[in-house]
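Enquirer: There's a structure below that I have some questions on.
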Amino acid sequence: QQQVKQSPQSLIVQKGGIPIINCAYENTAFDYFPWYQQFPGKGPALLIAIRPDVSEKKEGRFTISFNKSAKQFSLHIMDSQPGDSATYFCAASIGGYGNKLVFGAGTILRVKS
Amino acid sequence: NAGVTQTPKFQVLKTGQSMTLQCAQDMNHEYMSWYRQDPGMGLRLIHYSVGAGITDQGEVPNGYNVSRSTTEDFPLRLLSAAPSQTSVYFCASSYASGGAGNTIYFGEGSWLTVV
């Protein structure tokens, strides 16, 4: 049983497009929702994170939208570039145990130039 | 400052063999954990530690053992390797306090194949 469901599995967009990756969770005790970016052969790296008392957070070209009532959150990448091609994971955790992350299955993003 | 260092990078084991994946961090982080990454399943927590001498099980602990004798090191032991343990293993560390305020740092991974 996957507690965090992520979609789509893969995504191809043109350079400059806005890929959107969606995640849904079930456990209402989750209170920290990070997104990780992973390049081939590397470990995941934190991209951006949000807490449920905020509906949107922007960092550079990356935006998280959060809908607490629907138990959903999404990642938008503005003006996507070929260098953004990577695997993206959403995750969730409870309280101070930020190291006990529950991950989504991942989305492979390819940005075509 | 090397961050989170994992060794070995690649390993092939025969079924039934045992081995230890090493993880070391030089950031004085209290929290350390091990995840495995399998296609289509994201990363799943194996074991974690909130400080030296304290460990606990994650989502998929069977077949793995951990210990935390120092703040810096958190080795993962495979007791009797099985083909189902073929995976990429990631060690991670972070400061203990808070959730959203702490970045979790991942190592570069250890690719393990069990034949």
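Enquirer: Of everything in region A:52-62 that's loosely packed, with under 14 Cβ neighbours inside 10 Å and charged (D, E, K, R), which residue is nearest to the other protein chains (Cβ to nearest Cβ)?
Expert: Checking each candidate, the answer is A:Asp53.
Enquirer: For the condition open to solvent by less than 30 Å² (accessible area, probe 1.4 Å), at the interface with chain B (Cβ under 10 Å from one of its Cβ atoms) and out of contact with any His (no Cβ under 7 Å at 6 or more places or on another chain), what is the one hit in A:Ala91, A:Ala45?
Expert: Criteria check complete, one pass: A:Ala91.
Enquirer: Right, something else. Taking region A:10-28, which residues are open to solvent by 50 Å² or more (accessible area, probe 1.4 Å) and within 12 Å of chain B (Cβ to nearest Cβ)?
Expert: Residue satisfying the conditions is A:Ser10 alone.
Enquirer: For B:Tyr31, indicate whether it is at the interface with another protein chain (Cβ under 10 Å from one of its Cβ atoms), in contact with a His (Cβ under 6 Å, 6 or more places away or on another chain) and hydroxyl-bearing (Ser, Thr, Tyr).
Expert: It is false that B:Tyr31 is at the interface with another protein chain (Cβ under 10 Å from one of its Cβ atoms), in contact with a His (Cβ under 6 Å, 6 or more places away or on another chain) and hydroxyl-bearing (Ser, Thr, Tyr).
The values are calculated or read from the model by the stated rules, or taken from the named source; none is laboratory data. In this text the structure is predicted, and so the values were computed from the model without any measurement. Reconstructed Cβ throughout: ideal geometry from the backbone, glycine too, with neighbour counts over all protein chains shown. Note: accessible area is taken over every heavy atom of the protein model, side chains too, but ligands, DNA and RNA are not part of it. Shrake-Rupley method; radii C 1.70, N 1.55, O 1.52, S 1.80 Å.
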